[in-house]
Amino acid sequence: MILQKPERAWSLYVLAHGAGAGMRHPFLQRLADALATEGVATLRYEIPYMEAGGRRIDPKPVLEGRVREAVIAAGQHGLPLFAGGKSMGGRMTSQAQAGAPLPGVRGIAFVGFPLHPAREPAVSRADHLREVRVPMLFLQGTRDELAELGLLRPIVEALPQATLHIVDDADHSFHVRKKSGRDDAQVIVELAQTLARWARGVL
């Protein structure tokens, strides 16, 4: 696990990686750095199949078990807890929460919720969200091929404690095109500031 705790941290975000890259991926490091600037500590952790160097994603009970282990470890640092992560990492966190509340977690933040495979629009991956009883934040790019906004927006609107933040021109990896007038570093700052502002509102 990788703990990044700024001196005046006021909360801790338990941050899971996505399906294809581990906890040391540069995107997660940049996000953790930006969150630290906002006073949000992060605890990054490795999912077992990634830890073992494999490609086959672990069964759901294994994924959710690792989420719980990470949340319990994070709870030892005495800060208000939030959890979630990039793509699959966020989804497995919400699945764990839907099954049984994660101890101490005040809310879940998705950094690109993977609603469906690319070019295969569907909504079944969101069914479990109705069982999540804590506030949720969805950070989504307008060019995300794994979450068509026309499908995701009504799902979020139907959830009583959910917030959708749209990142203009960003894809699923939160890359933006040059013509957008912004760069990826500015997007990371937007993600961190939005997450921190939402978390303060929850607290």
Quick one: net charge around residue 10, please, counting Lys, Arg +1 and Asp, Glu -1 for every other residue with C-beta under 10 Å from its C-beta. +1
Near the amide H of residue 11, under 5 Å away, which other amide H atoms are found, from residues 5 or more places off or on another chain, if H is placed in the peptide plane? 41
Please identify every one of the trypsin sites (Lys or Arg not before Pro) in region 111-203 that sits in a loop by DSSP and has no more than 13 other beta carbons within 10 Å of its own beta carbon. 119, 133, 177
Positive end of the dipole of region 72-203, charges at C-beta (+1 Lys, Arg; -1 Asp, Glu), about the Cα centre: which of 122, 158, 136 has its Cα farthest in that direction? 136
Would you mind counting up the charge near residue 34? Only other residues with Cβ under 12 Å from its Cβ, with Lys and Arg at +1 and Asp and Glu at -1. -3
For residue 167, the residues 5 or more places away or on another chain with a placed amide H closer than 5 Å to its own amide H are 140, 141, 142
Compute a Gaussian network model of the chain, connecting alpha carbons closer than 10 Å, and tell me which residue from 190, 148, 51 fluctuates the most. 51
Karplus ³J(HN,Hα) for region 144-158 (6.51 cos²θ - 1.76 cosθ + 1.60, θ = phi - 60°; Hz, whole; x = Gly/Pro) runs 6, 6, 9, 7, 5, 5, x, 8, 6, 4, x, 5, 5, 5, 7
What are the ³J(HN,Hα) values, in whole Hz, obtained from phi via the Karplus relation 6.51 cos²θ - 1.76 cosθ + 1.60 with θ = phi - 60°, for each residue of region 117-132 in sequence order, with x given for Gly and Pro? x, 4, 6, 10, x, 6, 10, 5, 5, 9, 4, 5, 4, 5, 9, 7
Assigning unit charges at the beta carbon (Lys, Arg +1; Asp, Glu -1) and nothing else, what dipole magnitude in debye, to the nearest 20, does the chain show about its Cα centre? 140
Need one number: convex hull volume per residue for region 68-132, Cα atoms only, in Å³. 74
Determine how many Å³ per residue the convex hull of the Cα atoms of the chain encloses. 113
Give or take rounding to whole Å, what are the principal axis extents of the alpha carbon atoms in region 155-195, in descending order? 36, 18, 15
Local charge sum around residue 74 (other residues, Cβ-Cβ under 14 Å, Lys/Arg +1, Asp/Glu -1)? +4
The chain: antiparallel bridges as % of DSSP beta bridges, rounded to 5, reads 10
On average, how much accessible surface per residue is there in region 62-203, in Å², for a 1.4 Å probe, leaving out ligands, DNA and RNA? 44
Carbon and sulfur atoms account, in whole percent of the 1.4 Å probe accessible area of region 96-203, for 50
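The values are calculated or read from the model by the stated rules, or taken from the named source; none is laboratory data. These numbers were taken from a predicted model, which means no experiment stands behind them. Heads up, the Cβs are rebuilt from the backbone with ideal geometry, glycines too, and the neighbour counts pull from every protein chain shown. Heads up: the accessible areas ignore ligands, DNA and RNA and are worked out on the full protein's heavy atoms, side chains in. Shrake-Rupley method; radii C 1.70, N 1.55, O 1.52, S 1.80 Å.
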